[in-house]
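To start, the structure itself, in structure tokens.
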4 protein chains.
Amino acid sequence: MILLPKDISELEKSALSWLHKRGVELEDIAELVFYLQAKYFKDLTMEDCRFNVERVLKKREVQHAILTGIQLDVLAEQNKLAAPIQDIIYRDENMYGIDEVIALSIVNVYGSIGFTSYGYIDKQKPGILKKLNDHESGSVHTFLDDIVGAIAAAASSRLAHSFAGDIPEVTIKSKETDGEKEE
Amino acid sequence: MILLPKDISELEKSALSWLHKRGVELEDIAELVFYLQAKYFKDLTMEDCRFNVERVLKKREVQHAILTGIQLDVLAEQNKLAAPIQDIIYRDENMYGIDEVIALSIVNVYGSIGFTSYGYIDKQKPGILKKLNDHESGSVHTFLDDIVGAIAAAASSRLAHSFAGDIPEVTIKSKETDGEKEE
Amino acid sequence: MILLPKDISELEKSALSWLHKRGVELEDIAELVFYLQAKYFKDLTMEDCRFNVERVLKKREVQHAILTGIQLDVLAEQNKLAAPIQDIIYRDENMYGIDEVIALSIVNVYGSIGFTSYGYIDKQKPGILKKLNDHESGSVHTFLDDIVGAIAAAASSRLAHSFAGDIPEVTIKSKETDGEKEE
Amino acid sequence: MILLPKDISELEKSALSWLHKRGVELEDIAELVFYLQAKYFKDLTMEDCRFNVERVLKKREVQHAILTGIQLDVLAEQNKLAAPIQDIIYRDENMYGIDEVIALSIVNVYGSIGFTSYGYIDKQKPGILKKLNDHESGSVHTFLDDIVGAIAAAASSRLAHSFAGDIPEVTIKSKETDGEKEE
């Protein structure tokens, strides 16, 4: 079961629910943010990280990217795509870059400073990213691993903006998310 | 029937064949290039335009974008995607931007000078773009129309590079495409 | 003289002030938004347009793009760049794409749905864009014209998000901008 | 002294010459490519790496990015930019993302598969990247370090395309570069 905030669009609900179904919890993504940012912000808490992940997930562009990418993963898993794209996505072929293209559109929403974070965790594959990539389970996560990394990178950018004073809330505000809408 | 060049990868063959099945001929895209570039290059021929379209289509990134986008269009047409993305893609919802994201990855391959051409024909919808957008036939072309516009924009950039001397061939070389590979 | 809101960072103040010095008022950009969006939203007012432009200008990424681009324009105007980039920027050479690259980073902040608006007004050059492009005055606006078009495209995306309910304010809220910060 | 190939445009000559003046040799960038790719391609030689770097540097978009970025670095070093952008670039402020934006336009030329390589070496800072980042010398390399990383990432993508058969040459062809032009 996942607890969903009250004031949430159907689209966001669907995106969160699909992340959950595919084995990704907000906590997993928050851990990636912590992994990326703990060295820069001394008092960083997991609550800060989770709050920023939640806010990134409120963006419609991000929800669209999640739903489209997971859809392709699921169809490849069920062998329902046409050749040759079925095989390319199923095997997560290394010359295929549409997963990175969609992921980068998530990063872009919080500006270019997240590009390097995205590339870094994609290579390092900490936490949930390692799990999504082990290819042992018969699951296909060609798009999802890049999308999760991108959400973490975007949340890291958002966090940096917060600490720079660009966005007021963070930390305490995390209790009051419900009624807020995206900017 | 489409005549395919001899020296062509399976991936390219598949991309060209899907374009054809979905109602887009190379000639249609060449016409978009002519529409975009005739005012800048006086002696521009349709042969030049077609040649540059062919070269853009030799890029693996472009082939991946075509195959992924058309796959999503076809599945939406067959009502095989999960809600809510099924409905979003089926209706070509105007807040959905993954089609533009994938299209822009095509434009990028020949540099940023193609961005404006892409945006321009997407609004003007000359030739084949109008046809793909009439939504009357029950066909879904949410991705394809953006992809076709992006190929035309990329071919326009490539053309401009050719005329600037960055690429030697053009015109006469169009007879010798077969043996060439992408750069 | 330009009237500046009270609660505004030094960076934003500087960006707004440079726009003004280079001949661009917020009203000019608001008119571009109106030009782009009036056909889609019947009750659209110039106040809505201006409000969304103001909100786009609160983004740090946008401020950085403005300041960097105008800096290069000004230095080219003063003949202070080194060859060959001096000449390339001075003449607004059509193969030079760094201006588009920087402009697109502005559009990206509000998602991919603004790409086509950006390309469209860049070709059509309504209002202030025509003025910035006439090259008669000895002024160099190689970067500025793309940046202004990109701000208008981003504001158009933001407007569409507002009307889709992603952002609560618009119209009435335009009186209360001062205390708000970017999201 | 740097040895320049015979058949080379003025623009390329200028870009290579500026890289050299700012302390970056082609060999340094080739080493970054080797660092990124040696684990994937067993027989990879430094000659392969260098060849791919050379080919990336033949792209006009890349030359423009190099010349524009270095120009801003040099002017910041000479304290010739206007406040506040002078200070932002001089200190390589971490919220400033125009350097990443320009760098990413280099990566894009060889497709999205280079995004992660770019992010990875930017965080790891092997070889020349560490040197460019030590900020001890009074030199400003805010743009250059990102540009060098991006060239290495693009050359890595090109290398992967070569090994996948997309581009014929590599290795032996490195002797024959002179007469070739960009694709």
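The values are calculated or read from the model by the stated rules, or taken from the named source; none is laboratory data. Quantities reported herein were computed from a predicted structural model and do not represent experimental measurements. When we count neighbours, we look across all protein chains shown, and the Cβ atoms used for this are built from the backbone with ideal geometry, even at glycine. Heads up: the accessible areas ignore ligands, DNA and RNA and are worked out on the full protein's heavy atoms, side chains in. Shrake-Rupley method; radii C 1.70, N 1.55, O 1.52, S 1.80 Å.
Cβ neighbours within 10 Å, averaged per peptide: list B:132-139, C:95-102 in order, most packed at the top.
Top to bottom by mean Cβ count within 10 Å: C:95-102, B:132-139.
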| task | Note the buried accessible area between D and A here, summed over both chains, with a 1.4 Å probe, in Å² to the nearest 100. | result | 1900 Å²
| field | Selection of trypsin sites (Lys or Arg not before Pro), the stretch B:32-94, meeting DSSP coil and at most 14 other Cβ within 10 Å | value | B:K39, B:K42, B:K80, B:R91
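Is the stretch D:88-134 rounded, prolate or oblate when judged by the Cα gyration tensor, a ≥ b ≥ c being the square roots of its eigenvalues, rounded requiring a/c under 1.5 and prolate requiring a/b larger than b/c?
Cα axes put the stretch D:88-134 in the oblate bin.
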| message | Between 0 and 90 degrees, rounded to the nearest ten: what's the tilt of helix C:98-108 against the longest Cα principal axis of chain C? | response | 10 degrees
| field | Lysine pairs within the stretch C:2-107, Cα separation less than 14 Å, 8 or more sequence positions apart or different chains | value | 4
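Using only the Cα atoms, work out Rg/Rh for the stretch B:55-151, with Rh taken as the Kirkwood radius, to two decimals.
0.96
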| field | Fluctuation leader among B:I167, B:I106, B:I128 - chain B, Gaussian network, Cα springs under 10 angstrom | value | B:I167
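Please state the charge dipole magnitude for the protein assembly as shown, taken about the Cα centre, from unit charges on C-beta atoms (+1 on K and R, -1 on D and E), reported in debye and rounded to the nearest 20.
In debye, rounded to 20, the protein assembly as shown gives about 0.
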| Cα convex hull volume per residue for the stretch D:96-174 (Å³) | 103 Å³
| Per-residue [θ]222 nm for chain B (sum of -39500 (n - 2.57) over DSSP H runs n ≥ 4, rounded to 500) | -18000 deg cm²/dmol
| query | ³J(HN,Hα) across the stretch B:139-146 via Karplus (A = 6.51, B = -1.76, C = 1.60, θ = phi - 60°), whole Hz, x for Gly/Pro? | reply | 7, 10, 10, 3, 7, 4, 5, 5
| request: Provide a whole-number value for the mean count of partner chain Cβ atoms within 10 Å of the Cβ atoms in peptide C:68-77. | output: 4
| query | Going toward the positive end of the dipole of chain B, with +1 on Lys and Arg Cβ and -1 on Asp and Glu Cβ, which of B:I106, B:V140, B:V74 do you reach last? | reply | B:I106
| Neighbouring partner chain Cβ atoms per residue of D:159-165, average, 10 Å criterion | 3
| Distance from the Cα centre of the stretch D:98-116 to that of the stretch A:100-128, in angstrom? | 12 Å
| Table column - 3J(HN,Hα) (Hz), the stretch A:24-35, Karplus curve with 6.51, -1.76, 1.60, x for Gly and Pro | 10, 9, 4, 4, 4, 6, 4, 5, 5, 5, 4, 4
| query | So if we plug the beta-carbon distance of A:A83 and A:K125 into 1/(1 + (r/R0)^6) with R0 = 25 Å, what FRET efficiency do we get, rounded to 0.05? | reply | 0.30
| request: Please average, across the residues of C:80-90, the number of beta carbons from any other chain that are within 10 Å of each residue's own beta carbon, and give a whole number. | output: 5
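Got a number for carbon plus sulfur as a percent of the protein assembly as shown's accessible area, 1.4 Å probe? Each step should come with its number before you reach the end.
Details: 13810 of 26960 Å².
Whole-percent figure for carbon plus sulfur exposure: 51.
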| request: Classify the protein assembly as shown as rounded, prolate or oblate, taking a ≥ b ≥ c as the square roots of the eigenvalues of its Cα gyration tensor: rounded when a/c is under 1.5, otherwise prolate if a/b is larger than b/c and oblate if not. | output: rounded
| Check: chain A dipole with +1 on Lys, Arg Cβ and -1 on Asp, Glu Cβ, in debye | 120 debye
| said: With every protein chain kept in place and ligands, DNA and RNA left out, what is the accessible area per residue of the protein assembly as shown? Probe 1.4 Å, answer in Å². | reply: 37 Å²
| field | Average silhouette area of the stretch B:11-175, convex hull of alpha-carbon atoms, in square nanometres | value | 9.2 nm²
